[in-house]
Amino acid sequence: MTGLFDIQVNGFAGVDFQGTPTRSEVRHACEKLRAHGMTRILATFITDTSDALTKKFAAFETHRAADPLIASTIVGYHLEGPYMSSEPGYRGEIGRAHV
């Protein structure tokens, strides 16, 4: 597969991944990404509560399981936030890909 791979995508084509996008909206974003040469991405979620992040991951995994285009475009996740250290200051970021 040729094309670009973006490791931090918060949304695209009017679809915000931080909300609760429907499968149709996520597919729309994936179609538009591919039209611009972006064949694979890590969907990015910003700092949020554990419960909210769990719901986002579950929703996106449901979308990926139900739609091959979404599954082949969103190959993993980029999680932003204070998750690498409980100490104040710089904490870094975590990325996780399915590839």
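The values are calculated or read from the model by the stated rules, or taken from the named source; none is laboratory data. Not measured: the values here are computed from a predicted model. The accessibility values were calculated without ligands, DNA or RNA, using every heavy atom of the protein model including side chains. Shrake-Rupley method; radii C 1.70, N 1.55, O 1.52, S 1.80 Å.
Taking amide H positions as placed 1.01 Å from N in the peptide plane, with prolines and chain starts having none, which residues 5 or more places from residue 9, or on another chain, fall under 5 Å of its amide H?
When sequence neighbours closer than 5 places are left aside, the close amide H contacts are 42, 44.
For region 1-60, give the percent of accessible area contributed by carbon and sulfur heavy atoms, probe 1.4 Å, rounded to a whole number.
55
Give me a comma-separated list of calculated 3J(HN,Hα) values for region 46-59, in order, Karplus coefficients 6.51, -1.76, 1.60 applied at θ = phi - 60°, integers in Hz, x for any Gly or Pro.
With coefficients 6.51, -1.76 and 1.60, one gets 8, 3, 7, 5, 4, 5, 5, 5, 4, 5, 5, 4, 4, 5 Hz.
Roll a 1.4 Å probe over the protein chains and send me the accessible area per residue for region 32-76 in Å².
With all protein chains present, region 32-76 gives 47 Å² per residue.
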